[in-house]
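Before any comments, here is the structure.
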Amino acid sequence: MATKLVDTPSGGESQRESVDSVVIRFAGDSGDGMQLTGTQFTQSTALMGNDLATFPDFPAEIRAPVGTTYGVSAFQINFASYDIMTPGDAPDVLVAMNPAALKVHLRDVPKGGTIVLNTDAFTNRNIAKAGFEANPLEDGTLDNYVTVEIDIQKMTLASVAGIGVTNKEAVRCKNMWALGLMCWMYDRDRQPTVDWIEQRFGKRAPEIAKANIAALNAGHAYGETAELPSGIPAYIVPKADVQPGVYRAVTGTEAVAWGLVTGAHKAGIPLFFGSYPITPASALLHNLSNLKQYGVTTFQAEDEIAAVCSAIGASFAGSIGVTSSSGPGVALKTEGITLAFAAELPLVIVNSQRGGPSTGLPTKTEQSDLYQAVYGRNADSPLPVVASCTAGDCFFAAIEAVRLAVTYMTPVILLTDGYLANAAEPWEIPDVDDVADFKIDFAAGSEEFHPFLRDEKTLARNWAVPGTPGLMHRIGGIEKSYDTGHISYDPENHHRMTKVRAAKVDGIADDIPLQEVAAGPSTGKLAVIGWGSTFGAINQAVERSLAAGLDVAHIHIRHIWPLPRNLGELLAGYDRILVPEMNNGQLITVLRDRFLVPAEGLNQISGLPFKVSDLEAAIRERLESQP
């Protein structure tokens, strides 16, 4: 991390140390407001013009016992003066609000890193609950780190005295005090947070708003006036050099919601979203429920089966039906999904993957549902599968899922994951006029009509809206005649219909872009193949390796099924293939099956994203061991 001293405007410190990037991790108990603290720091950082990437990491328990490691919630942000793609491998600064937070996250802080500690929380009881045998502030545990020990709770209570809030309400402001200190240390503007507090609490709880703002300002003032330990200067991270445009911070869930709405508008039809709450997919329902003015209808169903069936019914009626879940919920939806496949109705299934199987790790990320997406249905029922690779890319991946669904009259699975769903990044707001329309031509009255008349190019059956004069018809899960659309148990007809449905999905390969190389040469010694949210870590690792003179390339696959038609030829141009996945090896199975390539897996199943340094080491190891 390069540094230099720069002058700052008058009114503050005369100099700040300029750094090109910083990784900060806020950590505390679930009730300490760490997600809120990180989110507000992110908003200020985005407005300052830095590039950034975030990683919220919170427990599955609604309310774990206070002070235990099970209840630790954390938020990491990496912000820089250059283009970044990951939330960072390790925190430069850890803000630990209690002993449990220190216990869980100390192992990730590199030697010499800075740790800000809320000393008030380090009572004997809390220290024991966190699993420390002795007080880590006194036993040498932190000797290799730069520590800033502050009684944050005491400072917070003093800052809000006289405002008229209860002691409990005052203590809850301590996250704002810590945020104020970090805003001072890294020259972040507090005004966006002040505006947010006033908007959130100003009218209904003005004392709460005043207390939080007072705590925020007090934390900032502490940084300005207090003598911090040696080696802890104030910093500044210059603006990133980005192309001009209108930007906002966006999470993957927000981008999926907007992409679905945009896709529906490009198709010229309403959007119906039927869903059942499940982590981490529930936020998509929350976001879409606020977009009713754009032709969106949302429905929280009583269970997963009802959710998918309601979406199928909406598609039958002429809308684009969408449903969402995570792996366990998608398993419950499977019979409904195959009904949509047999009836050849458009349907988008958004799978926000999480650690599994079963309940697994509900709030942790994983890529373990690729098998489920590609193979996980009864009978011969292939579906298009699209995977988004960044939070911003979720917007375009969602549009693509809608396009394929309505163009080919088929269910489409859109894969995201817990990391993409919750992580934020700066996103240049696109001009939706640049997205091509794919308007739907519904069937019109005709004496020759039956519901399985097909488009010669796409093989999609025609789509007749119920109630259209002359187009009375029935569809369902029982096999239909290719020639009439009536129920048929004829063996040859079933064979023909199975082949046609498969050919329709296979033909999508002619309607998607050829696979490109994301970084590096188109032939060479090693290709690193990724999909989904591993994009940032792989791309950064490959770029660093290329800068070091290594012969390596990065290929990232968006269309998981069908695969791009040139992918096999592209893979054949490399001596070795490495496939990093946050699962036990699933894309690698598909690649070996389709192309018979000797791909090697690099599997991480920890519930955490890949670290760039780990991928760099794996790349170097493969190249050094190559004859």
Per-residue accessible area for Tyr276 at 1.4 Å probe radius, Å² rounded to 10? 90
Looking at the chain only, what percent of DSSP beta bridges run antiparallel? Nearest 5 please. 40
So, with points 7 Å from each Cα along the Cβ direction, the Asn566-Leu514 label distance in nm works out to 0.2
Residues of segment 323-348 with the amide nitrogen closer than 11 Å to a label point 7 Å from the Cα of Asp303, along Cα-to-Cβ, please. 332-333
Would you work out which of Leu602, Leu260, Ser325 lies farthest towards the positive end of the dipole of the chain, given +1 charges on the beta-carbon of Lys and Arg and -1 on that of Asp and Glu, about the Cα centre? Ser325
Between Gln293 and Ser358, what length in nm is gained on full extension when 0.36 nm per residue of separation is reduced by their alpha carbon distance? 19.7 nm
At 1.4 Å probe size, with no ligands or nucleic acids counted, give the accessible surface of Thr156 in Å², nearest ten. 0
Quick one: give the max-minus-min coordinate of the C-alpha atoms of segment 223-342 along each principal axis, largest first, in Å. 68, 34, 23
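Highest mean first, what order results for 604-611, 464-471, 104-111 on Cβ atoms within 10 Å? All intermediate terms of the calculation are to be shown ahead of the outcome.
On the way: 604-611: 18.4, 464-471: 13.4, 104-111: 15.9.
In descending order of packing, they fall as 604-611, 104-111, 464-471.
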Roughly speaking, what is the stretch gain from Ala547 to Gln243, that is 0.36 nm per residue apart minus the C-alpha to C-alpha distance, in nm to one decimal? 107.1 nm
Using 25 Å as the Cα-Cα cut-off, could you pick out the over-long pairs in Lys239/Lys292; Lys111/Lys525; Lys174/Lys203; Lys129/Lys364? Lys239/Lys292; Lys111/Lys525
How much of the accessible area of the chain, in percent, comes from carbon and sulfur atoms when a 1.4 Å probe is used? 51
Segment 317-456 -> Rg/Rh from Cα coords, Kirkwood Rh, value 1.02
What would the Debye equation give as log₁₀ I(q)/I(0) for segment 417-521 at q = 0.11, 0.13, 0.19 Å⁻¹, counting only Cα atoms as equal point scatterers? -0.60, -0.75, -1.07
Run the numbers on segment 246-336 and let me know its relative contact order in percent, using alpha-carbon pairs under 8 Å that are six or more apart. 32
Computed over segment 101-140, protein heavy atoms only, probe 1.4 angstrom, the accessible area per residue in square angstrom equals 50
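For a quick protection proxy, order the peptides 253-261, 16-24, 306-314, 194-202 by their average other-Cβ count within 10 Å, most packed first.
Values: 253-261: 26.2, 16-24: 19.4, 306-314: 23.4, 194-202: 15.1.
So the peptides 253-261, 16-24, 306-314, 194-202, ranked by packing, come out 253-261, 306-314, 16-24, 194-202.
Sorted from largest to smallest, which semi-axis lengths in Å does the alpha carbon gyration tensor of segment 396-452 give for its equivalent ellipsoid, taking the root of 5 times each eigenvalue?
Sorted largest first and rounded, they come to 34, 16, 6 Å.
Determine the relative contact order of segment 412-521: mean sequence separation of Cα pairs under 8 Å and six or more apart, normalised by residue count, in whole percent.
Details: 78 pairs, mean separation 19.5, N = 110.
After rounding, I find 18 percent.
About the Cα centre, and with charges only on the beta carbon of Lys, Arg (+1) and Asp, Glu (-1), how big is the dipole of segment 302-408? Nearest 20 debye, please.
In total the dipole reaches around 140 debye.
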What is the dipole size for segment 205-316, taken about its Cα centre, with +1 at each Lys and Arg Cβ and -1 at each Asp and Glu Cβ, in debye to the nearest 20? 400
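How much mean residue ellipticity at 222 nm does the chain get from its helices, if each DSSP H run of length 4 or more adds -39500 (n - 2.57) and you divide by all residues, to the nearest 500 deg cm²/dmol? Spell out each step's value before the answer.
Details: 20 runs with 220 residues, N = 627.
Rounded to the nearest 500, the figure is -10500 deg cm²/dmol.
Mean separation of Cα pairs under 8 Å and 6+ residues apart, divided by the residue count of the chain: what relative contact order is that in percent?
Working: 1370 pairs, mean separation 69.6, N = 627.
Computed over the chain, the figure is 11 percent.
Looking at segment 282-431 only, what percent of DSSP beta bridges run antiparallel? Nearest 5 please.
Values: 1 of 16 bridges.
That works out to approximately 5 percent antiparallel.
If r is the Cβ-Cβ distance from Phe442 to Lys168 and R0 is 60 Å, what FRET efficiency results, to the nearest 0.05? Before the final figure, lay out the partial values.
On the way: r = 59 Å, r/R0 = 0.98.
Working from the Cβ atoms, E equals 0.55.
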Label-to-label distance, nm, for residues given as Glu624 and Glu428 (7 Å Cα→Cβ offset): 3.9
Once you charge only the Cβ atoms, +1 for Lys and Arg and -1 for Asp and Glu, what is the size of the charge dipole of the chain about its Cα centre, to the nearest 20 debye? 1060
Nearest-5 percent of antiparallel DSSP beta bridges in segment 81-224? 0
Based on alpha-carbon positions alone, could you give the equivalent ellipsoid semi-axes of segment 495-627 from the gyration tensor, as √(5λ), descending, whole Å? 28, 16, 13
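Take peptides 612-625, 332-345 and line them up by average Cβ neighbours within 10 Å, highest first, as a rough protection proxy. Show your work: numbers first, answer last.
Values: 612-625: 16.8, 332-345: 21.0.
Descending mean neighbour count gives 332-345, 612-625.
For the pair Asp151 and Asp506, what calculated FRET efficiency results from E = 1/(1 + (r/R0)^6), where r is the Cβ-Cβ distance and R0 = 45 Å, to the nearest 0.05?
On the way: r = 66 Å, r/R0 = 1.46.
That pair, Asp506 with Asp151, gives E of 0.10.
Want the number for Leu596 to Asp20: 0.36 nm per residue separation, take away the alpha-carbon distance, what's left? Walk me through the numbers before you get to the answer.
On the way: separation 576, 0.36 × 576 = 207.36 nm, distance 4.39 nm.
Extra length from Leu596 to Asp20 when fully extended: 203.0 nm.
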Along the charge dipole of the chain, which of Leu567, Thr458, Trp531 sits closest to the positive end, that is, farthest toward it, with unit charges on the beta carbon of Lys, Arg, Asp and Glu (+1, +1, -1, -1)? Thr458
Taking r as the C-beta separation of Leu47 and Glu224 and R0 as 30 Å, the FRET efficiency to the nearest 0.05 is 0.90
Where Rh is the Kirkwood radius over the Cα pairs of segment 340-382, the temperature 25 °C and the viscosity 0.890 mPa s, what D in µm²/s does Stokes-Einstein return? 204
Along principal axes, Cα extents of segment 105-217, largest first, whole Å: 47, 32, 19
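The values are calculated or read from the model by the stated rules, or taken from the named source; none is laboratory data. Predicted model, so just to flag it, every value in this text is computed and none were measured. Positions of Cβ are generated from backbone atoms using ideal geometry, with glycine treated the same way; all protein chains shown enter the neighbour counts. Heads up: the accessible areas ignore ligands, DNA and RNA and are worked out on the full protein's heavy atoms, side chains in. Shrake-Rupley method; radii C 1.70, N 1.55, O 1.52, S 1.80 Å.
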